[in-house]
Every structure is written in C-alpha cells, then in structure tokens.
Amino acid sequence: MARKNNFLSIGEVANYTNASTDSLRYYEEIKLLEPAYIDPDTKYRYYSFEQIYLIEIIKLCVELNIPLKDLTKFIAKDKTVDYHGLLIYGKEIADKKLKSLKRGMTFINAIEKKILLTEKYPQEYGQIYSRAIPKKYFGITAWQKSFTNAEPFEVIKASQDLYYYEDNYGEWLYYEMLEHGFLCQYSPEATKYYMFAELPKHAAENVKKDILVIPGGTYLCIKGEESQLERALQIFSEYLGDWDSFIAIETDIFTSKFNIDRPTRELRILVHGA
C-alpha cells in the first residue's frame, strides 16, 4: 500500500475502512478525527494507521445512532483519545439498543405466533369450535359500561393501569402480546363483569391487585366483530348442561388480515379444566 511519510492518504483510508471521504472530512470538521498530517502545498490529508481504530469506533457509533458530537468529549486538545471511556460509553448505548431490538423481536414473534394459532381454527363468524388454552393469570377490575360500545383506547388504557407497577410489568402487555379484554362470572346469585389484563406468572405472584387464575383446559369459542359477552349464556346454553356457574372470556385475537377499526373478538368458556 502506497504511503507518504508513513501515512495513508484520505482515499486509502476510505478504501480500507469503507468510510467515504466526505465522512472523513466531516469527522475532521467536528474535531472528531483530524488528519495526522496535512501537506502544506497540496492540502492533501494523510492519516496514521492507528487512526483506523478510531474510525471503526466512529462507524460503530453511527450504526448505534450515537450523536458524533458527543464523542468529542473523549478527545483531548492534545489529540489523546480516551478509548476506555469511549468504549464504555458505546457499550452502554449498544446494550440499550440490543435490549430494544430484543423486545422488538419478541413483539414480532408473539404476533406471528398468535396469527398462526388463530389460523388453526375456523375463520367464520358464528361457528363454535374448541381449542386448548393454558392456565392464565388475569388482573381484574370491575366494569359497569357497555361492552359493545367500549372504546378500544379506553380499554387499552384501563388494561395498562392493571399492569404498571414498580417493576414495570407493563412491558409484557406490549412485547409479549398478553391478552386483555372482558370477562363475566355467571352464578345463580349474580352475574359480575370485569375487565382483565393477563399477567406473566411472576408478575401475578408479586402485584397487589385482584388476580383471577383461569385454569387451563378445553374451551369452547366463537368469533365475531361485536361483543357477545352478555349473550354467552344464550350462545353456549346447549353445552352448559347443568352448570349454573361459569366464566366467559372475551378478547381480541390477531388474524392474518387484521382490521384495526373492527378487530375480531373471540368469546370463550371453559368446558373441561386441567
């Protein structure tokens, strides 16, 4: 590789690091990476081989969306670079971004899993079908309003209120797509309606809210666009037999073609616990 006075030209550095010459000039402009030598006659810029390490760190910071002007505080006036401080700073930013990406992938995988699960069952509205559902933990709060006209954002906001505690369990709602919706407890004495938000097991064991444990088992289900919760007794009457007490649950489900304004709702009752 051609050198002049043991330095690399700006073009050579650009080729070696895949950083454009415009980028290298910008790094110089903000005092982040000044050339090791500038020819007084030609004004050509030259860099030392050791500066390539700093360029690689700068490129990494660009990928992590770290403002480059923040990095100038790690370079002293005598051009001494605080590599250790810079690396620690970059590591902190990288860790945050990795956690964010991990949560994002968890969110994507959770939606994909729910869509694939939904497509296993009949897609027609009004058709009753059975499906196995594992044990769940619901945070519940009494609900007195109409289910048919419940505003989605009102429901989501109220669901989030069930989640957010000191340990920020609320992230589970978004990133793992835990269920939220409405349920009713039918009994000869009274019918009680609640809004629920599913909690991960470790959260349910630590929060100081009303927790309802929903047993796993075989559930009878039916899909629709409007709420059918208040008609659960009528819809499933022939399957209930002598049961005079049961729980009906209604929640939005993800489909491959998801209508944001009119999401598909699944109404379910437990017919055989496990």
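A compact table of results
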| item | result |
| --- | --- |
| Protection-proxy order for peptides 86-93, 229-236, each taking the mean of Cβ atoms within 10 Å per residue, highest first | 229-236, 86-93 |
| Cα-derived Rg over Rh, computed across region 1-106 with Rh taken as Kirkwood radius | 1.04 |
| Rounded if a/c under 1.5, otherwise prolate or oblate - region 60-121, Cα gyration tensor axes | prolate |
| Hull shadow area, averaged, region 1-50 [alpha-carbon convex hull, nm²] | 3.5 |
| Long pairs among K113/K201; K99/K223; K77/K97; K31/K99; K99/K201; K59/K102, criterion Cα-Cα beyond 29 Å | K99/K223; K77/K97; K31/K99 |
| Trypsin sites (Lys or Arg not before Pro) within region 17-46: DSSP coil, no more than 10 neighbouring Cβ in 10 Å | K43 |
| Ranked by how many other beta carbons lie within 10 Å on average, peptides 113-123, 57-67 from highest | 57-67, 113-123 |
| Phi to ³J(HN,Hα) by Karplus 6.51 cos²θ - 1.76 cosθ + 1.60 over region 132-141, Hz, x for Gly, Pro | 8, 10, x, 4, 10, 10, 10, x, 10, 9 |
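Taken together, the values in this text are just the output of simple stated rules run on the coordinates, not laboratory data. Just so you know, these numbers come straight off a predicted model, no measurement behind them. So basically every Cβ, Gly included, is an ideal-geometry build from the backbone, and we count neighbours across all protein chains shown.
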